1. Just for region 87-104: of the residues that are farther than 26 Å from A27 by Cβ and either hydrophobic (A, V, I, L, M, F, W, C) or open to solvent by less than 10 Å² (accessible area, probe 1.4 Å) (or both), which one is modelled with the lowest pLDDT?
2. Among the residues of region 21-35, is any part of a helix (DSSP H, G or I) and within 14 Å of the chain's Cα centre (by Cα)?
3. Which ones in region 65-83 are surrounded by fewer than 18 Cβ atoms within 10 Å (Cβ to Cβ) and assigned to a helix (DSSP H, G or I)?
4. Could you list, in sequence order, all residues of region 20-49 that are surrounded by fewer than 22 Cβ atoms within 10 Å (Cβ to Cβ) and either in contact with a Leu (Cβ under 7 Å, 6 or more places away or on another chain) or acidic (D, E) (or both)?
5. Name every residue in region 147-167 that is open to solvent by less than 90 Å² (accessible area, probe 1.4 Å) and either at pLDDT 80 or above or among the basic types (K, R) (or both), in order of residue number.
6. Within the set of pairs 6+ apart or on separate chains, which have a first residue in region 42-70 that is over 14 Å from I19 (Cβ atoms), a second that is open to solvent by 70 Å² or more (accessible area, probe 1.4 Å) and assigned to a helix (DSSP H, G or I), and C-beta atoms under 6 Å apart?
7. R107 passes all but one of (1) outside any loop (DSSP other than H, G, I, E, B); (2) of a type in the set (K, R); (3) modelled with pLDDT under 90; (4) within 26 Å of R60 (Cβ to Cβ); which number fails?
8. Find all pairs meeting these conditions: Cβ atoms under 6 angstrom apart; at least six residues apart or on different chains; first residue within region 129-146 and at pLDDT 85 or above; second residue of a type in the set (V, I, T).
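The values are calculated or read from the model by the stated rules, or taken from the named source; none is laboratory data. Small disclaimer: the values here were computed from a predicted structure and weren't measured. Please note: Cβ atoms are built from the backbone with ideal geometry, for glycine as well, and neighbour counts cover all protein chains shown. Please note that ligands, DNA and RNA were not included when accessible areas were found on the heavy atoms of the full protein model with its side chains. Shrake-Rupley method; radii C 1.70, N 1.55, O 1.52, S 1.80 Å.
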Amino acid sequence: DDRVIDYVGGEADLRQRRIRAIGDPAARFAEDQLRLLRAIRFTAGLAADLDPETAAAVTRWAPRIDAVSGERIAEEMRRMLVHPTRARAADLLRQCGLLDAILPESRPPEEPLERWAQILRLLEVLQRPSFSVALAALLWEPQQVELAGDFVATLSRRWRLSNAESV
């Protein structure tokens, strides 16, 4: 009869543009670490804020994202990087420690913030990019061009990217 029954306050959260785990966020992420990436994707895609308790749990659980298969990580990254809010998603991934966890070889630990701002700006100005183009923008590393081929090959194997995406 077109009714929504909401026992957890989800409608109120959506009206307030807040993404929050149901119950204990750590318990939810312990059940399925893919939820870490989905929390980021939903937060960016809905132009919402990540609930502070949920964000703290994402950060704590980020090192455990390796329990998720490469294919599933790649699928969430595809969805994030082709969406118009790709820059916000990338920044949330970085803030919560997930970017380092899923792309550990991508950049040195003490990367300059101005370079990160350039990457975010590049992601923002892309007009409907393919996953490959958006991923290349995210991984932009002008000082390490000679290492790019090895990095792409490693990432392609880990995420099991198609040949077309790996080129």
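1. Here is the first cut: in region 87-104, the ones farther than 26 Å from A27 by Cβ are 87-88, 90-91, 103-104.
Then drop every residue that is not either hydrophobic (A, V, I, L, M, F, W, C) or open to solvent by less than 10 Å² (accessible area, probe 1.4 Å) (or both), which leaves 87, 90, 103.
Numbers: A87: 97, A90: 96, L103: 89.
Filtering first and then ranking leaves L103.
2. Just the residues of region 21-35 that are part of a helix (DSSP H, G or I), to begin with: 25-31, 34-35.
Within this subset, residues satisfying the condition of being within 14 Å of the chain's Cα centre (by Cα) are 34-35.
The answer is yes, given that some residue of region 21-35 is part of a helix (DSSP H, G or I) and within 14 Å of the chain's Cα centre (by Cα).
3. D66, A67, G70, E71, R72, E75, R79, V82
4. Selection gives D24, E31, D32, D49.
5. If the condition is that a residue be open to solvent by less than 90 Å² (accessible area, probe 1.4 Å) and either at pLDDT 80 or above or among the basic types (K, R) (or both), then A153, T154, L155, S156, R158, W159, L161, S162, A164, E165 are the ones that fit.
6. G70/R158
7. Answer for R107: the failing condition is (1).
8. Sorted first by the residue in region 129-146, then by its partner, the pairs are F131/V82.
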